[in-house]
Amino acid sequence: MKEIASWALNVATMRGASYADARIVGQRSRALTTKSGKVGSASDAESAGMSVRVLSNGAWGFAASEDLSRTGVEATAARAVEIARASAQVKQKDVLLAPEKPVLAEWTTPHVIDPFSISVEQNIALLLNIDSELRAVAGITLAETNLNFNREEQWFVSSEGTDIHQTKYSAGAGYAAYVFADNEIQKRSYPNSYGGQWQNRGYELIDELKLVENARRIAEEAVALHRAEQCPEGAFDIILDSSQLGLQIHESIGHPIELDRVLGMEANFAGTSFLTLDKLRTLRYGSEIVNVVADARQEHGPGLGTFGFDDEGVPAQCTPIITNGLFTGYLSSRETAHTIGENRSGGTLRAEGWNRLPMIRMTNISLLPGVKPLTLEQLIASTDHGILMQTNRSWSIDDRRYNFQFGCEIGWEIKHGKRVRMVKNPSYSGITTEFWNSLDAICSRDEWTLWGTPNCGKGQPQQVMGTGHGAAPSRFRGIKVGSAYKGS
Amino acid sequence: MLTREQAGEIFDRIKKFSSADETEVLLSGCNFALTRFANNTIHQNVADENHSVSVRTVFGGRTARASTNKFDDDSLRRVVASSEALAKVQHPDPDLLSMPDSQEAAGSPSKGVQSTQVPSRHFEQTAAITPQLRAAGVKKIVEVAQKHKLITAGIFSSSESLEGIFNSRGLSDWHTQTLAEVSITMLGADSSGWQKANSPDVAKLDPLNLAEIAAKKALDSAHPAEVPAGKYAVILEPAAVLDIVGFMFWDYSGTAILDERSFLSGRIGSQLFGENITIWDDVTHPLQTGSPFDGEGMRRLTLPLVENGVVKRVVYARGTAARMKKSEFKDKVGPVSATGHGFALPNEIGEMPLNIVFAAPQNPQTLDQMIASTERGVLVTRLWYIREVDPYEKIVTGMTRDGTFLVENGKVQRGLRNFRFNQSLIHMLSGVEAMSVPVRSSGEESFDMVVPAMKVRDFNFTEVTKF
């Protein structure tokens, strides 16, 4: 593969590229689903190809092709240079890359069981077993389950001498039970909605999720939601479970700290950010107990944002994003690092596959757990009147990441330290910094989970990327609840 | 790009490698290029070429799919073997139909079904766009921004794509298409404006006009005022209409009815929307794009989904229609037959209409006429981050973006800070007071459609953001 990459780099540099890198990628994926007692889909996919990214005349060019023959690779490299020259027709200044020491490296996602080594029969039997448990509960009108496995092997070679061979594995599993009755559709999901839990691990993740063990409870909750009362509207203290808080972090911290958004590079599609450069180390993002990191290192955990090197050859790093409530860091790349006074990239550039341009993506953006021991039950016990909300159902935020609204699948009203009743259709809304400044309690490490968001969309053409978000259940004071259902 | 003849040769090799009862091959390919700009600079500029072959095999009611982007014999043998291995371990599905032959897929006049023909959607001028041409187009857009002392961001893309289907019962179909697209955001110090358009024929795009409109919106919405959230008469431009109504079309599906996850469950045949709402699915419409056949090769039929506010029917894949005919819902869902809207098998979604065309109103009004007849309301350019809040009442939430204006006494008065809405689509389409002539429109939250601008009463804004 190194030889194939060298064909590309040679042609690019011969044609005048001042910098070039090549990524050769082979991807394999398996997707299995069931729906109400039947296999819904069963598919395997493989894709391989190469991309060349070049700087020429101070501007970027990028070309990709499935053709890995010498002729094809050289043509792709030449095309990338031609595109860069066209880019240079409309530029204000030359692209400047932060220096990065060349490395020769091998890296593979630590895993115990290769997910592709588990037979399809075994996987389907697991899904149908879950399905049967869900539909054993009277009232369930639809049951859906899914298992997903991915393997991506990449060779990254640059004109600066970097040569990295990296193989990443990820796995995901989940299910949902639906009930349609009395002109209302209610749903419960496990371990999370929209595909369940995902991590960069092997099949051992699936074994640990206790999927079958939780199926009856989830189905019973879906049925019970039809008897529950509507979540009250007003200002409440709310407790978010760790999966919902993971998505809250994703939307209201992860996206606004992307430096390409801040610099206006995403203005036409994903949007910009309220975190203008003057806010670095001056904005009180959250309360004193809010500590958030962007950590791609293995020691943070097997999140979907965990890797050895990013897709421009920068090693995984940990960047403090919010420190004791103060905004302290952005997600950066070699091109953007200098705009915040850094002389090195934060290592966050990733691409969806061989034919997409790497761009700034969240790694694992995690809220660190509370220091003092605190369980969810203790947090509930210390809450006088509030709503516990679990498992995301809807999410929306404006294009500068100020105003958000989230809906959850299930809520529980808390009075005098006790859950007193289930409520349906819970939702809450607010303004990002006001919300994070209202945080007054975070459960401790035992309650902390590194959740995976497998479907983060960004870029033109749009790319889907997996990101990680560690969180423990937390309490926010005086939050607006219920406006989603007001007057609609 | 692969030719139909080359694709046929690939299918012949796959057939030889397959031991399945039935074999189906989907081929897709695309030459895609996109020039992206921001801060008045081309900052990303990409091109890629890829083809994919996807093989579905069937053994006695068991089916599965595998795909690859390599077409040498070893790769094709491997993809067939993967598909067969996956299929053989499935449980037999008594509802799985034999693959359609070409006669069934094309439709038979004796059964009252006409084969669907679409106009050519492949234009050499679009396929031949070079990086230099795209850069030259972007340069002109940047010059508009500089003339108005604005910053611009956006894209200029071009593509040439193919879709082909072959199966062992003799079916073979092929579609090629080109598409050029321009999307432009103009940014002022505290305001923005946006426009987007696409067409298979690049000659039909006018990037300079789009840039001027986007710039005017940015200039006119400068120093936005905050007005309280609440119910307003709202004029939605076509892109805003398509992005919000797009969230209901997943439910116009036989599978969604069978799954009881559609907001149309129990409502087909009822007056759900205002009498001025008529919606078709029509792949043949001259402003539409896309292939005339579905994931099994069935030709797409042109169908009325809503007539004068009454929901008439949903669409069906072949297997879904067969299951519906045996179900408890069969007498409550209008006509039940395969309509050519299925996704590639196996899948859990079933089908959906993808070529939405709103019928022209009896008395179309221009945007200016809608504004002139509005005592107090809000003009919306674009909606953003729309998500479903309630699946049966079809309440969706989202934000306004890139040009939101206060209308008073029949005139656009000034820019407004953006709103969050929580709006039932059923209520919205029951309260449409005026519509324009439908146009091809493109947004970011839903697929492209032919939709009008709409003036809607009592649109439900629930919050205001900070800009």
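Observations, loosely collected:
- Between A:K101 and A:T167, the C-beta separation translates, for a Förster distance of 30 Å, into a calculated FRET efficiency of about 0.85.
- Helix A:70-87 and the longest principal axis of the C-alpha atoms of chain A enclose an angle of approximately 80°.
- Helical mean residue ellipticity (222 nm; -39500 (n - 2.57) per DSSP H run of 4+; nearest 500) of chain A: -5500 deg cm²/dmol
- Gyration tensor (alpha-carbon) shape descriptor, the protein assembly as shown, a/c threshold 1.5: rounded
- Of all lysines in the structure, the ones whose alpha carbon falls short of 22 Å from that of A:K415, not counting any fewer than 8 places away in one chain, are A:K424, A:K480.
- Shielding of B:423-429 by partner chains, average beta-carbon count, 10 Å: 1
- Most to least packed among B:286-295, B:417-426 [average Cβ atoms within 10 Å]: B:417-426, B:286-295
- If you take all other residues with their beta carbon under 11 Å from the beta carbon of A:G286, and give Lys and Arg +1 and Asp and Glu -1, the sum is -2.
- Virtual spin-label span in nm between B:R13 and B:D368, 7 Å along Cα→Cβ: 6.0
- Modelled FRET efficiency - R0 41 Å, A:T71 with A:R445, Cβ distances, 0.05 increments: 0.15
- Two-decimal Rg to Rh for chain B - Kirkwood Rh, Cα set: 1.00
- Projecting label points 7 angstrom from Cα along Cα→Cβ for B:R376 and A:Q89 puts them 5.1 nm apart.
- Residue by residue along B:125-138, Cβ atoms of other protein chains within 10 Å of the local Cβ number 3 on average.
- Between helix B:207-220 and chain B there is an angle of about 40 degrees, using the helix long axis and the longest principal axis of the Cα atoms.
- Rel. contact order, % - alpha carbon contacts under 8 angstrom, at least six apart, chain B: 15
- Here the gap between A:E434 and A:E288, fully extended at 0.36 nm per residue and compared with their Cα-Cα distance, gives a gain of 51.2 nm.
- Label separation (A:R419 vs A:V112): 2.9 nm, computed from points 7 Å beyond Cα along the C-beta direction.
- Globularity index of the stretch B:4-111 is 1.44 (Cα radius of gyration / 2.2 N^0.38 Å, N = number of residues).
- Taking the charge dipole of the protein assembly as shown about its Cα centre, with +1 at Lys and Arg Cβ atoms and -1 at Asp and Glu Cβ atoms, the residue from A:L326, B:L303, A:L211 reaching farthest to the positive side is A:L326.
- For B:F467, the residues whose amide H sits under 5 Å from its own are B:N418, ignoring neighbours fewer than 5 places away on the same chain, with H placed 1.01 Å from N.
- The ranking of A:F435, B:F11 by Cβ neighbour count inside 10 Å, starting from the fewest, reads A:F435, B:F11.
- Cα-derived Rg over Rh, computed across the stretch B:224-467 with Rh taken as Kirkwood radius: 0.99
- Based on C-alpha pairs under 8 angstrom that are at least 6 apart in sequence, chain A has a relative contact order of 15 percent.
- For B:45-58, mean number of other protein chain Cβ atoms within 10 Å: 6
- By DSSP, the beta bridges lying fully in the stretch A:2-224 are antiparallel in about 95 percent of cases.
- Kirkwood-Stokes translational diffusion coefficient of the stretch A:1-41, alpha-carbon pairs, 37 °C, 0.692 mPa s, µm²/s: 241
- Cα gyration tensor category, rounded, prolate or oblate, for the stretch A:2-224 with a/c compared to 1.5: prolate
- Cα centroid of the stretch B:1-41 to Cα centroid of the stretch B:49-82, whole Å: 12
- Cα centroid separation, the stretch A:378-418 to the stretch A:285-362 (Å): 28
- Among the chymotrypsin sites (Phe, Trp or Tyr not before Pro) in the stretch A:122-206, none sits in a DSSP loop with a Cβ that has at most 10 other Cβ atoms within 10 Å.
- Among the listed pairs B:K217/B:K394; A:K35/B:K312; B:K196/B:K466, those with a Cα-Cα distance over 29 Å are B:K217/B:K394.
- A helix-only calculation puts chain B at -6500 deg cm²/dmol for mean residue ellipticity at 222 nm, using -39500 (n - 2.57) for each DSSP H run of at least four residues, averaged over all residues.
- The alpha-carbon of A:K93 sits under 13 angstrom from the alpha-carbons of these aspartates and glutamates, leaving out residues fewer than 8 places away in its chain: A:E335.
- Debye equation applied to the C-alpha atoms of the stretch A:230-485, log10 I(q)/I(0) at 0.07, 0.09, 0.11, 0.15 Å⁻¹: -0.23, -0.38, -0.56, -1.02
- Summary value for the stretch A:303-432: 16 percent relative contact order, contacts being C-alpha pairs under 8 angstrom separated by 6+ residues.
- Counting charges near B:R62 (Lys, Arg +1; Asp, Glu -1) among other residues having Cβ under 9 Å from its Cβ returns a value of 0.
- Vicinal HN-Hα couplings computed from phi for the stretch A:14-27 (Karplus, 6.51 cos²θ - 1.76 cosθ + 1.60; Hz; Gly/Pro x): 4, 8, x, 5, 7, 8, 8, 9, 10, 10, 10, 10, x, 10
No value in this document is a laboratory result; all are computed from the given coordinates. Keep in mind that this is a model prediction, so the values were computed, not measured. Every residue, glycine among them, receives a Cβ derived from its backbone with ideal geometry; neighbour counts consider all protein chains shown.
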